[in-house]
Amino acid sequence: MFSLDRDISSGRNAEIAVAIENDAPLFKETGGAFSEAEIDAFLSILEFVNLTRNEGLLDDEMTYVSFSYILEKTFEHPEILDYVEKIRKDDPNLFKGAEDLAKIIPEFYN
């Protein structure tokens with residue numbers, strides 16, 4: 001888990017997380033600072049959070065405490081939603097686990 005926290009909270013990923021939290025533009029084409037490859041790398045970390053949870057290496061409480069806010073904010077961001085819709089035309093399962101986790105994670109503490 002600590003590596004996942006560090007991966008999200010350092011370097012370009014930290015900048016992406018802040019932009020998402022502030023509802024700021026993400027992609028260079030829309031006035032943001034990030035490429036599709038950088039957004040893919042960020043989303044891949046969130047996908048790995050889901051995989052780690054599914055394998056039992058993260059329990060629901062740890063997942064909620066550490067990742068609920070960024071998961072929810074990420075999959076509420078309009079540019080992320082548009083981007084995921086676009087890339088799923090080629091592969092409908094891309095980042096599906098992370099998106100599904102973002103939808104159910106509020107139930108972990110309700």
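Pairs are defined by a Cβ separation below 8 Å, a sequence spacing of at least 6 or placement on different chains, a first member in the range 6-31 that is hydroxyl-bearing (Ser, Thr, Tyr), and a second member that is at pLDDT 95 or above and in a helix (DSSP H, G or I); the pairs so defined are Ser9/Ala17; Thr30/Glu79.
A count restricted to the range 70-94 and to residues that are loosely packed, with under 12 Cβ neighbours inside 10 Å and either in contact with a strand residue (DSSP E or B) (Cβ under 6 Å, 6 or more places away or on another chain) or among the β-branched types (Val, Ile, Thr) (or both) stands at 0. Condition first: without any contact (Cβ under 8 Å) to a residue 24 or more places away in the chain and either surrounded by 15 or more Cβ atoms within 10 Å (Cβ to Cβ) or under 24 Å from Ala19 (Cα atoms) (or both). Now tell me which residues in the range 95-110 satisfy that. Lys96, Ile104, listed by residue number. Taking the chain as the region of interest, the helices (runs of 4 or more DSSP H) fully inside it that hold 1 or more residues being more than 10 Å from the chain's Cα centre (by Cα) and among the aromatic types (Phe, Trp, Tyr) are 2-8, 60-74, 78-87.
The values are calculated or read from the model by the stated rules, or taken from the named source; none is laboratory data. These numbers were taken from a predicted model, which means no experiment stands behind them. Using ideal geometry, Cβ is built from the backbone for each residue, glycine included, and neighbour counts are taken over all protein chains shown.
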